[in-house]
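So the structure is just underneath, and the comments pick up after that.
The values are calculated or read from the model by the stated rules, or taken from the named source; none is laboratory data. If you're wondering where the values come from, they're calculated on a predicted model, not measured in any experiment. Virtual Cβ from ideal backbone geometry, glycine too; neighbours counted across all protein chains shown. Please note that ligands, DNA and RNA were not included when accessible areas were found on the heavy atoms of the full protein model with its side chains. Shrake-Rupley method; radii C 1.70, N 1.55, O 1.52, S 1.80 Å.
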Protein chains: 2
Amino acid sequence: MGRRSEHSRDEIRKMAIDASAKIVETEGFKSLTARKVAAKIGYTVGTLYHVFRNFDDIVIHLNARTIDEMAVLIQKNVKKKRSAEARIRTMAAVYVDFATEHPDRWRLVFEHQAPRGLPTPELMKVRRDVLFEMVAENLRELSPNHISQEVDHTATALWSGIHGICILALTGKLYLGGAFSMVKLIDTLIDSVLNEFRRTHAAD
Amino acid sequence: MGRRSEHSRDEIRKMAIDASAKIVETEGFKSLTARKVAAKIGYTVGTLYHVFRNFDDIVIHLNARTIDEMAVLIQKNVKKKRSAEARIRTMAAVYVDFATEHPDRWRLVFEHQAPRGLPTPELMKVRRDVLFEMVAENLRELSPNHISQEVDHTATALWSGIHGICILALTGKLYLGGAFSMVKLIDTLIDSVLNEFRRTHAAD
DNA sequence: ACATTATTTGAACATCGTTCAATAACCATG
DNA sequence: CATGGTTATTGAACGATGTTCAAATAATGT
């Protein structure tokens, strides 16, 4: 075969990531293979390797898109909220919803790691901290007198905690029954951290 | 070859799990393969498959041992502590230490999942809740008047949160620098949840 | 001594990520 | 219009993966 040029490099990239997302959603992230992606977009593996450096590269781009998608969703919902606290609670709610609706794509973001030794690609580093910073922003508004470092610290602790509940629930490692639910657990965590945050402010 | 009978079934199982642990620790959990395990114990793949149902079965047994090992370590350290709060803080500290010292084995516990559709083996279910229950026990002691369900709820939220900090830090998805550290983040979370717990008790 | 049983092997299979020479389609030039 | 150069695309090949199983061998029973 030779050049068909039906699609540009970037188009193929986009098609491949689309296809990957679909495969992960329908068959789970363990079923994502290069050949499956290639077949789904009407090309062969070879072409894929001309457009991506390797298989991890595909996963990394898929994950970047997943994070972006989630960030947009969170932004959109947060805008409607007036108070800083409501915004933080909304962030968590959307986060949980997204993780629940796209469990495999969401897990892939957190369970994938580039081959041992290689550094985290800049692509990911940039996205990594976006949500933490959004939480920090709202904490700052909630209590403007805290020193910046303390705000960041609290934001990290809170958001990591929410993430922990999310991932354990999603991977079936939490007992959820009766009055238990992800949402309630997260409410408890938010209540606790926000109250403590306000209290330490008083002793400032 | 025929029966050598140098080792019993159970001995081979133990040897295989030992070898797996070593491989995971030294080469990372992505490098764990059946052939590598077999070679390390002086057998071939075939033998492994007579003793384990499949590769996941090996991982599950390795994970069970990892959890047991960690649980023993926690128990031992918790015994020395007098107050319920000190015991909870110690639990978290030992958890973090273990995860930090054995990152790959620890991650394997939480990132492995049996093939799609298959239920979590009983082996895991039993171990899954041990640590949560330990936290709940101490919470109960901390404030005996709470209703049992609320205690379990708080224990789950707190322990999941600690886990979240742990896993994000370990997978390099947390900004940790300056005054930031896993220990400090976890302290913040524990402070918040315990204080809130005591406070809601007052309004009981 | 021989037959039976249990244990261990290693070749075979499909599939994986990855590479790369060969190929076929396009473009430009004569 | 043909011809040659360029380039996108292929598909076979490689080593390694999990998994299976007939064959081979060692221990045991008679």
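Would you check which residues across the range A:51-92 are closer than 16 Å to A:Leu123 by Cβ and touching a Ser or Thr at 6+ places or on another chain (Cβ under 7 Å) and list them?
If we filter the range A:51-92 for residues that are closer than 16 Å to A:Leu123 by Cβ, which is where we start, we get A:51-71.
Passing the criteria: A:Ile58, A:Leu62.
A quick yes/no check of all residues on (1) more than 9 Å from DNA strand C (Cβ to nearest atom); (2) under 17 Å from B:Thr66 (Cβ atoms); (3) in contact with a Cys (Cβ under 9 Å, 6 or more places away or on another chain):
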| site | (1), (2), (3) |
| --- | --- |
| B:Asp10 | yes, no, no |
| B:Ala16 | yes, yes, no |
| B:Ala21 | yes, yes, no |
| B:Glu25 | yes, yes, no |
| B:Phe29 | yes, yes, no |
| B:Lys40 | yes, no, no |
| B:Tyr43 | no, no, no |
| B:Tyr49 | no, no, no |
| B:Phe55 | yes, yes, no |
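Answer yes or no: is there a residue in the range A:38-47 that is more than 30 Å from A:Ser148 (Cα to Cα) and polar (S, T, N, Q).
Looking only at the range A:38-47, we keep the residues that are more than 30 Å from A:Ser148 (Cα to Cα), and these are A:38-47.
Narrowing the set further to residues that are polar (S, T, N, Q) leaves A:44, A:47.
Within the range A:38-47, one or more residues are more than 30 Å from A:Ser148 (Cα to Cα) and polar (S, T, N, Q).
Would you pick out the residues in the range B:28-44 that are surrounded by 13 or more Cβ atoms within 10 Å (Cβ to Cβ), closer than 13 Å to B:Leu108 by Cβ and near DNA strand D (Cβ under 10 Å from one of its atoms)?
Within the range B:28-44, B:Leu32 is the sole residue that qualifies.
Hey, among B:Leu170, B:Leu174, which residue is in contact with a helix residue (DSSP H, G or I) (Cβ under 6 Å, 6 or more places away or on another chain) and free of Cβ contacts under 8 Å to residues at least 24 places away in the same chain?
Details: B:Leu170 fails: free of Cβ contacts under 8 Å to residues at least 24 places away in the same chain.
None of the others qualify; the one that does is B:Leu174.
Which of the numbered conditions does B:Ser31 fail, given that it passes all the others? Conditions: (1) under 30 Å from B:Ser5 (Cβ atoms); (2) outside the structural domain of B:Ser160 (by TED's automatic domain parsing).
Only one criterion is unmet by B:Ser31, namely (1).
Would you mind telling me which numbered condition in (1) farther than 25 Å from B:Thr171 by Cα; (2) crowded, with 17+ Cβ neighbours inside 10 Å; (3) within 24 Å of the chain's Cα centre (by Cα) B:Met70 fails?
(1)
If you check B:Val96, B:Val59, B:Val78, which single one turns out to be open to solvent by less than 20 Å² (accessible area, probe 1.4 Å), in contact (Cβ under 8 Å) with a residue 12 or more places away in the chain and within 16 Å of DNA strand D (Cβ to nearest atom)?
Sole residue among the options that is open to solvent by less than 20 Å² (accessible area, probe 1.4 Å), in contact (Cβ under 8 Å) with a residue 12 or more places away in the chain and within 16 Å of DNA strand D (Cβ to nearest atom): B:Val59.
Within the range B:123-142, which residues are in contact with a helix residue (DSSP H, G or I) (Cβ under 6 Å, 6 or more places away or on another chain) and at pLDDT 90 or above? Full working, then the answer.
Pass one, the range B:123-142, residues in contact with a helix residue (DSSP H, G or I) (Cβ under 6 Å, 6 or more places away or on another chain): B:123, B:127, B:130, B:132, B:135-136, B:138-142.
Passing the criteria: B:Phe132, B:Val135, B:Ala136, B:Asn138, B:Leu139, B:Arg140, B:Glu141, B:Leu142.
How many residues, within the range A:141-176, are outside any helix (DSSP H, G or I), open to solvent by 20 Å² or more (accessible area, probe 1.4 Å) and closer than 26 Å to B:Val126 by Cα?
5
Look through the range B:1-25, keep the residues that are within 14 Å of chain A (Cβ to nearest Cβ) and within 14 Å of DNA strand D (Cβ to nearest atom), and return whichever of them is farthest from B:Arg107 (Cα to Cα).
For the range B:1-25, the residue satisfying everything is B:Ile23.
On the basis of being of a type outside the set (Gly, Ala, Ser) and closer than 20 Å to A:Thr100 by Cα, does A:Asp68 make the cut? It would help to see each step written out before you state the result.
Numbers: of a type outside the set (Gly, Ala, Ser): yes; closer than 20 Å to A:Thr100 by Cα: yes.
The answer is yes for A:Asp68.
Given the structure, is B:Gln113 open to solvent by 40 Å² or more (accessible area, probe 1.4 Å) and assigned to a loop (DSSP other than H, G, I, E, B)?
Numbers: open to solvent by 40 Å² or more (accessible area, probe 1.4 Å): yes; assigned to a loop (DSSP other than H, G, I, E, B): yes.
Criteria met by B:Gln113.
Looking at (1) modelled with pLDDT of 95 or more; (2) within 29 Å of B:Ile67 (Cα to Cα), which is the only condition A:Pro115 fails?
(1)
Those residues that are buried (at least 17 other Cβ atoms within 10 Å of the Cβ) and over 21 Å from B:Gln113 (Cα atoms), I need them from the range B:2-27; list them, please.
Residues satisfying the conditions are B:Ile12, B:Met15.
Quick one: in the range B:177-194, of everything that is buried (at least 16 other Cβ atoms within 10 Å of the Cβ) and within 7 Å of chain A (Cβ to nearest Cβ), which residue is farthest from B:Ala136 (Cα to Cα)?
Within the range B:177-194, the match that is farthest from B:Ala136 (Cα to Cα) is B:Phe180.
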